[in-house]
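Here the structure comes first, spelled out in structure tokens, and everything after it is commentary.
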Amino acid sequence: MGRWKPDARGRLERAALELYVDRGFEQTTVAEIAGRAGLTERTFFRYFADKREVLFGGASQLEEFLVGRVADAPDSLGPLDAAIEGLEAVGTLIEERGTFGRQRQVVIAANPELQERELIKLAALSAALAGTLRRRGAEDPVASLTAEVAIAVFKNAFERWAGGSERRDLPQLIRESLEELRVVTADG
């Protein structure tokens, strides 16, 4: 009997991403993912409901992290700056996962079904962010509009970062995207 190896979830994630990048999401089976990770299909399903969840399984934790950071932002920050501060922390978290975020984006960009799922995830993040901004005292429509704008800023920065052409870190790109938005919306 072989020796048990730790980090089954991480091994499954890495195996899935390798296969999705090499073969494509649609062409990859759960059996292949489990096999490459040196695990069984049963073990796969202990961690993930289906093969899409490898890419989206951390959405609720990400949302919780963002909401916590925005809720804890200094009271002196306005709604947009508080939201951006939270998203910069998310950017740091994404960067700590190494190449996962970039590989994940490549897979999602190649599959319309996954793109739709990503948009749903971003809409959920926006709704959670708007709720947090309301609890911080922002009224509607300011809270909802601010959340949508902040998510758009994040999405723009993330796509630039994930594309690999940018050498700056993700939090820096988020801040730069916000500044670009401020230039575009300035009067005069």
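Quick check on my filter: what residues within region 56-92 are closer than 23 Å to VAL107 by Cα and free of Cβ contacts under 8 Å to residues at least 60 places away in the same chain? Listed by number, the residues that qualify are GLY57, GLY58, SER60, GLN61. Counting the residues of region 2-46 that are farther than 18 Å from GLY101 by Cα and among the acidic types (Asp, Glu) gives 4.
Based on this model, can you work out whether LEU19 counts as more than 17 Å from the chain's Cα centre (by Cα), surrounded by 19 or more Cβ atoms within 10 Å (Cβ to Cβ) and either modelled with pLDDT of 95 or more or in a helix (DSSP H, G or I) (or both)? Yes; evaluated as a whole, the condition is true for this residue.
All conditions in (1) under 23 Å from LYS121 (Cα atoms); (2) modelled with pLDDT of 95 or more; (3) buried (at least 16 other Cβ atoms within 10 Å of the Cβ) hold for ARG36, with the sole exception of (1). Is at least one residue of region 131-139 at pLDDT 95 or above and under 21 Å from GLU18 (Cβ atoms)? No, there is no match, as no residue in region 131-139 is at pLDDT 95 or above and under 21 Å from GLU18 (Cβ atoms). Restricted to region 96-154, and to residues there that are of a type in the set (Gly, Ala, Ser), in a helix (DSSP H, G or I) and free of Cβ contacts under 8 Å to residues at least 40 places away in the same chain, the residue that is surrounded by the fewest Cβ atoms within 10 Å (Cβ to Cβ) is ALA123.
Annotation: PHE45 fulfils all but one of (1) more than 30 Å from ILE151 (Cα to Cα); (2) surrounded by 14 or more Cβ atoms within 10 Å (Cβ to Cβ); the unmet one is (2).
Give the residues of region 73-95 that are in a loop (DSSP other than H, G, I, E, B) and either charged (D, E, K, R) or touching a Leu at 6+ places or on another chain (Cβ under 8 Å) (or both), sorted by residue number.
Scanning region 73-95 gives a single hit, ASP75.
Could you say whether any residue in region 75-98 is within 26 Å of THR146 (Cα to Cα), in contact with a Gly (Cβ under 6 Å, 6 or more places away or on another chain) and not β-branched (Val, Ile, Thr)? No.
The values are calculated or read from the model by the stated rules, or taken from the named source; none is laboratory data. All values reported here derive from a predicted model rather than from experimental measurement. Note that we place each Cβ from the backbone using ideal geometry, even for glycine, and neighbour counts take in every protein chain shown.
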